[in-house]
Amino acid sequence: MNNTQPPFPLNPRRALLCVLLLTSPFAIAETTAPAKTDKAKDMPEMTVTDKATPAAMTIEEKYQLPNTTATITAKQIDTTINAMSSEDTVKYMPSIQVRKRYTGDTNAPVGWRTSGTSSSARGLIYADGIMLSSLLGNNNGNTGSPRWNMVSPNEIERVDVMYGPFSAMYSGNSIGGVIEMTTKMPEKFEASADIKTSWQTFGFYGKSKTYDSQEYAFNLGDKMKDFSWRFDVTHLDSHSQPISYVNPISSGKAQAADTRVVGAIANLNPFGVGAQVLGEGNLNHTIQDNFKWKLAYDITPTIKASYTLGLWTNDNKAGFNSFLRNAKTGAIVDSASNGFVNVNGQRYALAPNAFAETRADQMHWSHGMNIKSNTGGIFDWDLSGSVVEYGKDISRTSTQTPALASLNGAGTVTSLTGTGWNTADAKGIWRPTAMGQHEVSFGFHHDFYNLDNPVYTVTSDWAYSDGKGVPTQNSQGKTQTEAYWVQDAWDFDKDWKLTLGGRLENWHAFDGYNSSIVPAVKNARGVTTDPGGLKSINQADRNDLHFSPKFKLSWKPADRIQIGASVAQAYRFPTVTELFQTTTTTTGGITTISNGNPNLKPEEALSSELATEYFLDKGKLRLSLFQERVNNAIYSQPGFTPTGAIISSPQNVRQTETYGIEFAGEANDLGIRGLDLSGNFTWADSRITKNSISDAAAAKLGPTAANPNANQPSVGQRQPRVPEWRASATVAYRPTDKWTNSVSMRYSSKQFSQLNNSDTNGGTYQGNTAFFVVDLRTKYQITKQVAVAAGIDNVNNAEYWIFHPFPARTYFAELKFDY
């Protein structure tokens, strides 16, 4: 299928660039902390927010972090973004791409300047110090995607995005960057209620249907002298468009036993090979509830303690819709007795459970504790800890035909219950005044990740079983890191600042265990040499120690100009699933074994940035040149056993390199009061530069039926999921203090999922297309307490794919009450 083009005569890339260049584009209230000089005090404010007081400082401001930073506030979110979930709040940030497929999506990783959405472990996401990033994995699935759902958009005070691994405070998982979400706490009694709804009519392949979502949010809070509290609850009931399609290629001429069908839609697979779309899958109906309790106590005017408790639950059912009809009777065909159907004389695989229903039952807990001082004097300190626990996480899939599945028969149960992580941090700031103005920050970090992932086969009650069946697979393991870091931000001259830092990390992987059922092995004479069955292995423990230096030099040649040059090294250690997780699937008689790789080397990144900023009276412009070289980048690549089984496991790609330019800016009250213009664009040339071992193996294998270019080398190809061009722009106008309107645009050039970029056909399931979408929002404050808002995302109804199909034109409506 070809990508539907936006109904505009102007090329979308040119349209965005014209808007950006004509409107002084922005990085959504960006800030790169300027050198602390007397001149800086007279500099215009760099954001549209109030100047931070010591009690309201962001982490970037408090610790003088050397990162380029972009910020968006609650007010900007409320007036310019149709935010049904918290990941929506960052979708217009410079170089950021969030792979959110539908409202309530639990698999929504972030892509950065130099990393794609399939490398989720190259970014850190926090909410009030609680780790939302799932560093259990490095993928866009259930073990690697951030836990956005544990934060409601209504409780967000601000979001700060810091780019690159330039701060010693953060681990090598900040290669892409860090997102810090700060949530609200009351200064007096407050209460609010918010009702949101959205709906879309989705019509890929001519199968049009309307899907809707509703969200209900309520919060209550108060501050009584030194004690403050807030309670938030959010309920979401969401229906998604189809997320997957059954899209097989032909396996030859049809045979007599194959069921003859009509209704299939001719198509191409991502590699350009002819295929047939047999139906839709993963039509999700998700019901989620999020509860949040926050307590804070001012022990003294400068010492504050806080505690956060979060509970998130999810009840998800994913259905299907077969396009097939029996050529003789006209009856719906959603399975075939022999596993194949006849489409126009050609044979196509249709496994009994190709349209299997799946269900998920999840309950996750989060805890965050913090006590800190904020004197602004010679010394301050901060102690924090967080725990995320998968109290219950069960996924169930039928292994039978849809008719038998409805009778609640056999299936598989996959559990992540007991999986989780915890973190602890101790930080301090020392501000000596000798030899210029210093701010020396330092700290200790600890994290622990635990994977507990058994898979069971059940003979009955698949839809409700919690795993009381026959164990068929199991993946277990743990990782742990202790880190020590120090950083000195030194104003050695009124116009110069030098920031030096370093991070020492001691990493461990241990208790790795894998078991799975393997088939029996026979020799050439047909004699069984291995009976197969459940096999297990205890993986060897791993330990690694690395030091990462950081450097930044800032110069302010004029009051309105600042230039900064940054260089940093970072190590991203393998995640517990990359090391130890095992899955096995069999399709059409071909067994594919996906194993962790306990021998993975850590990714080693060398990153640099040269940023020039110009401060307007009401806004800012920034131009950044950035570079990144990653040795031993971790991606999943296929290998093969002598018996013909396919093994897919994470492997180290010897080297990738990225060079790019990012331009961003903002201008507020431009020309007339109430007109705000903002935007950004990024160009990145991101290539695989060394990968000879894998390329040699692929060349030896040769092409496959599904991918004629499977043996194409990866060296010289683009890094997966990093597009060459990205851009966004927002035009906001406030005719009155009560009424706000905004138009936003997002653009991305084509991406690839394969290391060798052989997936050239984007407009299909598992393909990737370019996209250009326009979003609208309007809000009116009826009274001091009551507001209404409406909006449309993808108003041009662009049809685009990022491995999965993304939403069509989507309408929003909102009613909010604040007391």
Problem - Those aspartates and glutamates that a straight Cα-Cα span of less than 16 Å connects to Lys601, excepting residues fewer than 8 apart in one chain - result: Glu505, Asp541, Asp544, Glu578
Handout entry: Under Karplus coefficients 6.51, -1.76 and 1.60, residue-wise ³J(HN,Hα) of the stretch 473-486 in Hz, glycine/proline x
Key = 8, 7, 9, 9, x, 9, 10, 8, 9, 10, 9, 10, 9, 8
Exercise for the section: Give the peptides 109-122, 368-381, 519-532 in descending order of average Cβ contacts within 10 Å, highest first. Expected result: 109-122, 368-381, 519-532
Handout entry: the stretch 671-819, dipole about Cα centre (Lys/Arg Cβ +1, Asp/Glu Cβ -1), debye to the nearest 20
Key = 240 debye
Practice task
Would you mind pulling out the separation of the Cα centroids of the stretch 705-736 and the stretch 90-118, in Å?
Solution key: 12 Å
Handout entry: ³J(HN,Hα) computed for each position of the stretch 218-224 - Karplus, 6.51 cos²θ - 1.76 cosθ + 1.60, integer Hz, glycine/proline x
Key = 8, 9, 9, x, 6, 10, 10
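Report, please, the projected area of the stretch 219-360 averaged over directions, based on the convex hull of its C-alpha atoms, in nm².
13.0 nm²
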Exercise for the section: State the answer as a single residue: which of Thr106, Ala354, Leu498 lies farthest towards the positive end of the charge dipole of the chain, with beta carbon charges of +1 for Lys and Arg and -1 for Asp and Glu, about the Cα centre. Expected result: Ala354
Exercise for the section: Jot down the radius of gyration and Dmax of the stretch 683-801, Cα atoms only, both in angstrom. Expected result: 21.7, 71
Practice task
With a 1.4 Å probe and every protein chain kept in, tell me what percent of the accessible surface of the chain is carbon plus sulfur.
Solution key: 58 percent
Handout entry: Rg/Rh ratio calculated on Cα atoms of the stretch 391-464 (Kirkwood radius)
Key = 1.52
Handout entry: Sorted peptide list for 724-730, 349-355, criterion being average Cβ within 10 angstrom, highest first
Key = 724-730, 349-355
Exercise for the section: Report, ordered by chain and residue number, the lysines lying within cross-link reach of Lys468, taken as a straight Cα distance under 28 Å and ignoring same-chain residues fewer than 8 apart. Expected result: Lys317, Lys392, Lys478, Lys535
Completion exercise
Summing -39500 (n - 2.57) over every DSSP H run of at least 4 in the chain, dividing by its residue total and rounding to the nearest 500, the 222 nm mean residue ellipticity is -1500 deg cm²/dmol
Completion exercise
Kirkwood calc, the stretch 429-564, C-alpha pairs only, radius in angstrom 20.7 Å
Practice task
Hey, can you find the accessible area per residue of the chain for me, probe 1.4 Å, expressed in square angstrom?
Solution key: 39 Å²
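Quantify how much of the Cα-Cα distance distribution of the stretch 317-409 extends past 18 Å, in percent.
Details: 2785 of 4278 pairs.
In whole percent, the long-distance tail amounts to 65.
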Problem - Test item: Cα-centred dipole of the stretch 60-130, Lys/Arg +1 and Asp/Glu -1 on Cβ, debye - result: 280 debye
Practice task
May I ask you to work out the translational diffusion coefficient for the stretch 113-232 at 4 °C, viscosity 1.567 mPa s, via Stokes-Einstein with Rh from the Kirkwood sum over Cα pairs, reported in whole µm²/s?
Solution key: 76 µm²/s
Handout entry: Candidate aspartates and glutamates for bridging to Lys207, where Cα separation is under 17 Å - those fewer than 8 sequence places away on the same chain excluded
Key = Glu280, Asp334, Glu799
Handout entry: Rounded to 10°, Cα long-axis angle of helix 692-701 versus longest principal axis of the chain
Key = 20 degrees
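So if I take the alpha carbon set of the chain, get Rg, then get Rh from the Kirkwood formula, what is the Rg over Rh ratio?
0.96
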Handout entry: Distance histogram in 10 Å bins (all Cα pairs of the stretch 54-185, percent per bin)
Key = 13, 48, 34, 5
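The values are calculated or read from the model by the stated rules, or taken from the named source; none is laboratory data. Everything numeric here is computed off the predicted structure, so don't read it as measured data. Cβ: placed from backbone, ideal geometry, glycine included. Neighbour counts: every protein chain shown. Ligands, DNA and RNA are stripped out before the accessible areas are found, and what is left, the full protein with its side chains, is counted by its heavy atoms. Shrake-Rupley method; radii C 1.70, N 1.55, O 1.52, S 1.80 Å.
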